[in-house]
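Input: a single structure, listed below in structure tokens.
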Amino acid sequence: MARTRAFDETEVVRKALGVFWTRGYEATSLADLEEATGLNRSSLYQAFENKRVLFSRAVALYLQEVITPRLAVFSQGPVGLGQVTAYFESLATTMATAPSALTRRGCLLVNTATELGAHDVEAHRAVEDYRALLHGHLTKCLDAAARAGVVPKKTVARRVELLVGSVIGVLVTARLDPSAAAKLARSAASEVESWAEA
């Protein structure tokens, strides 16, 4: 008869996520994961096979618990520039008010892109999926603004690329200076507002 696990897998993944997010995949050792989760390596291997599987589970949990709530603004209110402005304002608020130790971790997916994206197919796919999701939300908003005559249709694609780049810039800057990242996010929000006023 199989033994019932005496731990909550999701909580273990959540604790591992904190380590991966802070230290990165390569720099996180099994000893780090043992200390964070309270499980020995035998239990970790039995539950998750290896460190890479545990990291994949951590990325999935990050998408669910961090990225999905952050993108929720795109399902609120009318589709258009207001949603984009709200997204950047929300990002700015997070950078300005969250504890520095948290914001300096940056974005797990952006960190993963720079660490693993060039040589890890699964990591590359996860990062590209996130970028495509963000790109899709922004495109939908700007397409709506173009249909409303707020921005020229021919500028939508390049403005979306500019905004995606701005998001990445905010998240990278947060690792160095969260207050500067907040200012950058607010500048992006102001820029989007100016499009509606032009």
- request: Kindly list the number of the only condition in (1) closer than 17 Å to ARG105 by Cβ; (2) surrounded by fewer than 18 Cβ atoms within 10 Å (Cβ to Cβ); (3) touching a Leu at 6+ places or on another chain (Cβ under 8 Å) that fails for PHE7.
  value: (1)
query: Going by the conditions given, is VAL19 in a helix (DSSP H, G or I) and in contact (Cβ under 8 Å) with a residue 24 or more places away in the chain?
result: no
- request: Just give me the residues in region 134-152 being touching a helix residue (DSSP H, G or I) at 6+ places or on another chain (Cβ under 7 Å) and either among the hydrophobic types (A, V, I, L, M, F, W, C) or closer than 9 Å to GLY80 by Cα (or both), in sequence order.
  value: LEU134, LEU138, CYS141, LEU142, ASP143, ALA145, ALA146, VAL150, VAL151
field: Close pairs (8 angstrom Cβ cut-off, 6 or more residues apart or separate chains): farther than 22 Å from ALA113 by Cα and of a type in the set (Asp, Glu) in region 166-188, open to solvent by less than 10 Å² (accessible area, probe 1.4 Å) and in a helix (DSSP H, G or I) anywhere
entry: none
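Each row is one residue, and each column tells you yes or no for (1) of a type in the set (Gly, Ala, Ser); (2) surrounded by 13 or more Cβ atoms within 10 Å (Cβ to Cβ); (3) assigned to a helix (DSSP H, G or I); (4) in contact with a Pro (Cβ under 8 Å, 6 or more places away or on another chain).
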| site | (1), (2), (3), (4) |
| --- | --- |
| PRO69 | no, no, yes, no |
| SER90 | yes, yes, yes, no |
| ALA96 | yes, yes, yes, yes |
| ALA101 | yes, no, yes, no |
| ARG105 | no, yes, no, no |
| ASN111 | no, yes, yes, no |
| HIS119 | no, no, no, no |
- prompt: Filter region 35-52 for residues that are open to solvent by 50 Å² or more (accessible area, probe 1.4 Å) and assigned to a helix (DSSP H, G or I); which is modelled with the highest pLDDT?
  reply: GLU35
message: Which condition from (1) under 26 Å from GLY80 (Cβ atoms); (2) assigned to a helix (DSSP H, G or I); (3) open to solvent by less than 60 Å² (accessible area, probe 1.4 Å) is the one that ALA174 breaks?
response: (1)
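The values are calculated or read from the model by the stated rules, or taken from the named source; none is laboratory data. Here the structure is a predicted model, which is why all the values come from computation and not from measurement. Reconstructed Cβ throughout: ideal geometry from the backbone, glycine too, with neighbour counts over all protein chains shown. What goes into the accessible areas is simple: the full protein's heavy atoms, side chains included, and nothing from ligands, DNA or RNA. Shrake-Rupley method; radii C 1.70, N 1.55, O 1.52, S 1.80 Å.
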